[in-house]
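Q: Here's a structure for you.
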Amino acid sequence: MAQNDMNNTLLKVKDLKKHYPIKKGILGGEIGAIKAVDGVSFEVKRGETFSIVGESGCGKTTTGMCLNNLIEPTSGEIYFNDKQVSFRQKKDFQEVRKNMQVIFQDPYSSLNPKHSIQRIISEPLVINKMGTKSEIEDRVQSLIRLVGLDSYHLNRYPHELSGGQKQRVGIARALALNPDLIICDEPVSALDVSIQSQILNLFEELQEKFNLTYIFISHDLSVVEHISDRVAVMYLGKIVEQGTREEIFNDPKHPYTQALLSSVPVAKPKSKNNRTRIVLEGDPPSPQNPPSGCHFHERCPVKIEACKKAYPDMREVNNLHKVACHLVSENLSITTQ
Ligand code: SF4
């Protein structure tokens, strides 16, 4: 990403929450809430890849779905191109959605099996009345070639394509309306490793060509390390650390980030960034009943007394690197290795 683009904010998310109420009986009142996303804030710059990582159930996919209004957030603010987006104003959101597309994890189920590839890619163009029939056909022809497939694939059906080819079709469909932002939800995790790198390369080529912005949601840290400019780490519905790729992968500050990264193989095992494996005890707690204080304290190998009492504020290590941990707030060294 060019340095000039660093200050060019495309998306701003403030205190986003998605709480699912828990009710007692059929007519019973609310007795609690599952806090799937619990006060998430971040900014995404135009032309960058911003990744959201964490274990299954940490809230990363729910965050992506809230951004695209696939599920309605409980509260929070979203600004796209400096304009606040209202979740409840359908018309308001339709306009944004043209500029904010989604690529889903599973290319096998995200394409309608009864529709030809031609119809699947042309659908957003037809729905949004983006030209005459022949203009739409021309656009679809150029889109299929853009993602590395041939014109003859347009007459095929999803079941006739490989997983990688189906994901290329998903990418072509997402590009149809010339979006600024694409939310990629685990876009390569259902693919073979050899195909994953081809699709990641395609994402990078398209980003360079069209100055695309990606929000990349993934549990796979090797993929995230490859593709990201900046990374946010989520634990139990909250962002616990965010920073540039280098800061997160070479100098993680939060004990949870350190533990997550310790399970990722490093390319040069003898380099100074070699990571000793940290095995966390227990499973992540339920978002219905998170522990008091820092939600990570029951599993944290370096917790202090304060960790059980209060949730740590997000503190700046520098203007791009932020961490929610009492040890960072108190300038204590964090050594879990
Ligand atoms: Fe560990 Fe305490 Fe930091 Fe939470 S606040 S990550 S429990 S040291």
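Q: Any idea which of Leu177, Leu181, Leu200, Leu206 is within 16 Å of the chain's Cα centre (by Cα) and either within 22 Å of Ser122 (Cβ to Cβ) or not assigned by TED's automatic domain parsing to the domain that holds Arg46 (or both)? Explain how you work it out, then say what you get.
A: Working: Leu177 fails: within 16 Å of the chain's Cα centre (by Cα); Leu200 fails: either within 22 Å of Ser122 (Cβ to Cβ) or not assigned by TED's automatic domain parsing to the domain that holds Arg46 (or both); Leu206 fails: within 16 Å of the chain's Cα centre (by Cα).
Residue meeting the stated conditions: Leu181.
Q: Looking at this structure, is Arg46 assigned by TED's automatic domain parsing to the domain that holds Tyr214 and closer than 24 Å to Leu206 by Cα? So that I can check it myself, show each step before the final result.
A: On the way: assigned by TED's automatic domain parsing to the domain that holds Tyr214: yes; closer than 24 Å to Leu206 by Cα: yes.
Considered against the rule, which asks whether it is assigned by TED's automatic domain parsing to the domain that holds Tyr214 and closer than 24 Å to Leu206 by Cα, Arg46 comes out as yes.
Q: Now a separate question. Strands (runs of 3 or more DSSP E) wholly in region 52-113 with at least 2 residues that are modelled with pLDDT of 90 or more and either crowded, with 16+ Cβ neighbours inside 10 Å or not assigned by TED's automatic domain parsing to the domain that holds Glu225 (or both) - which ones? Break it down stepwise before answering.
A: Details: elements: 75-80, 83-85, 100-103.
Where strands (runs of 3 or more DSSP E) fall fully within region 52-113 and carry at least 2 residues being modelled with pLDDT of 90 or more and either crowded, with 16+ Cβ neighbours inside 10 Å or not assigned by TED's automatic domain parsing to the domain that holds Glu225 (or both), they are 75-80, 100-103.
Q: Would you point out the residue of region 114-164, among those that are charged (D, E, K, R) and closer than 17 Å to Gln101 by Cβ, that is surrounded by the most Cβ atoms within 10 Å (Cβ to Cβ)? Don't jump to the end; show me each part of the working.
A: At the first step, the residues of region 114-164 found to be charged (D, E, K, R) are 114, 119, 123, 129, 133, 135, 137-139, 145, 150, 156, 160.
Add one more test, that the residue is closer than 17 Å to Gln101 by Cβ, and what stays is 123, 139.
Details: Glu123: 16, Arg139: 19.
Looking at the filtered set, the residue picked out is Arg139.
The values are calculated or read from the model by the stated rules, or taken from the named source; none is laboratory data. Not measured: the values here are computed from a predicted model. Heads up, the Cβs are rebuilt from the backbone with ideal geometry, glycines too, and the neighbour counts pull from every protein chain shown.
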